[in-house]
Every structure is written in C-alpha cells, then in structure tokens.
1. So for the range 2-117, if I pair up every lysine 8 or more residues apart or on another chain, how many of those pairs have alpha-carbons under 20 Å apart?
2. Would you mind putting 89-97, 26-34 in packing order, based on average other-beta-carbon counts within 10 Å, highest first?
3. Could you work out how far apart the two model spin labels at M104 and K60 are, taking each label as a point 7 Å from the Cα in the direction of the beta carbon, and quote it in nm?
4. Provide, in order from the shortest bin, the percent of all Cα-Cα pairs of the range 58-114 in each 10 Å bin, continuing until the bin that contains the maximum pair distance.
5. Give me the extension gain from V34 to M146: residue separation times 0.36 nm, minus the current Cα-Cα distance, reported in nm with one decimal.
6. Take the eigenvalues of the Cα gyration tensor for the range 86-155, scale each by 5, and report the square roots as semi-axes in whole Å, largest first.
7. In whole angstrom, how long is each semi-axis of the equivalent ellipsoid of the chain, when you take the square root of 5 times every eigenvalue of its Cα gyration tensor and sort them from largest down?
8. As a footprinting exposure proxy, order L120, L22, L99 by other Cβ within 10 Å, with the fewest listed first.
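None of the figures in this text is laboratory data; all of them are computed from the coordinates on show. Since the structure is predicted, the reported quantities are computational estimates derived from the model, not experimental observations. Note that we place each Cβ from the backbone using ideal geometry, even for glycine, and neighbour counts take in every protein chain shown.
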Amino acid sequence: MIQIKEARVTDYPRVLELIQELATFEKEPDAVEVTVDDLIKHGGGEHPLFKCFVAFYNDKIEGIALCYPRFSTWKGKTIHLEDLIVTQSLRGKGLGKALYNQVMQYAYNEKVRRVEWVVLDWNEGAIDFYKNTGATILEDWHLAQMDEESLCNYVLRNEDI
C-alpha cells in the first residue's frame, strides 16, 4: 500500500502541491516561491542540490521528504531534512514514518555523522514523533534566517563586503 521511491521529474508538480499544502498548514500560504522548474533544475542533473523521496499510497504521491547534504565544522558530513510532508487526510497511516525511515537509511548509507531538521514549537504531533524515534529536540538553539530582501538590504548597506 505504501511505496517509497526517489522523485522523478514527472513527480515534481505533485511535490510542489504538497509543499504548498505544508505552507498552508504552517500558516504561511503565500510563502512558497519555488516552482516546478526550480525543483527540476536543482533536483536533477549531475550535481543535484537535494534528494527528494516520494511516498505513494494507493498509487498516488501523498507524501515527500526532501533532504540535502551539509558540512558541519564539528561533525563533518551531515544531512539536513528540509521537509517531511504527508497530505493531511492521510496522516497517521504510516507514510511519514516510511519517509523518515528512508531518509535515515539514506543518511546511514552516506555515512553522515548527523541528520538535522527543524520543527515548529507548536507542532506537538511532529515533536512527539521525532522524540519517539530517539531524536533530540534542541530547545536552547534559535533558528536564524535572512530572507532575500534582508540579504539585499544588508549587502547594499555594507557595500564594502
């Protein structure tokens, strides 16, 4: 009933739909700027920037896990799990666990020293799921980001960079 595969180019329109569904769930429905063309361009070719796994349920893509390599100055080779998404109507059916397991197996095969991701503090279901798998939730760290507009403003203010 559940089948996990690496995403193909033809899967990316559905992948984008699920990304949009997650953005809506996370109360940011207008935040998605990525396009199918972006996913194709950066997820394929000789040097893809990410790996995307898709979960088929009754022959339809109903979940994704998107991850990519990173390098830690303390640990070396790591993997960042950007998003694990299961369509809302099918949560609790094992798709998320199957995708999570696939990412962890991929990381193990890649011989990374850490897999990391972020989870919203109000997403108690996800937090409980991750804790139950043995993951540690680091509550003393704060996520810092600079969006495109802030980056542009920063660089323009500091033209000597």
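1. 14
2. Values: 89-97: 15.9, 26-34: 11.1.
Listed from highest to lowest mean packing, they are 89-97, 26-34.
3. According to this spin-label approximation, the distance is 2.9 nm.
4. Reading the bins upward from 0: 23, 45, 23, 8, 0.
5. On the way: separation 112, 0.36 × 112 = 40.32 nm, distance 1.68 nm.
38.6 nm is the gain from fully extending V34 to M146.
6. Numbers: eigenvalues 146, 62, 41 Å².
Taking √(5λ) for each Cα gyration eigenvalue gives 27, 18, 14 Å.
7. Numbers: eigenvalues 135, 82, 65 Å².
Square roots of five times the eigenvalues give 26, 20, 18 Å.
8. Working: L120 11, L22 19, L99 24.
Exposure proxy ranking, most exposed first: L120, L22, L99.
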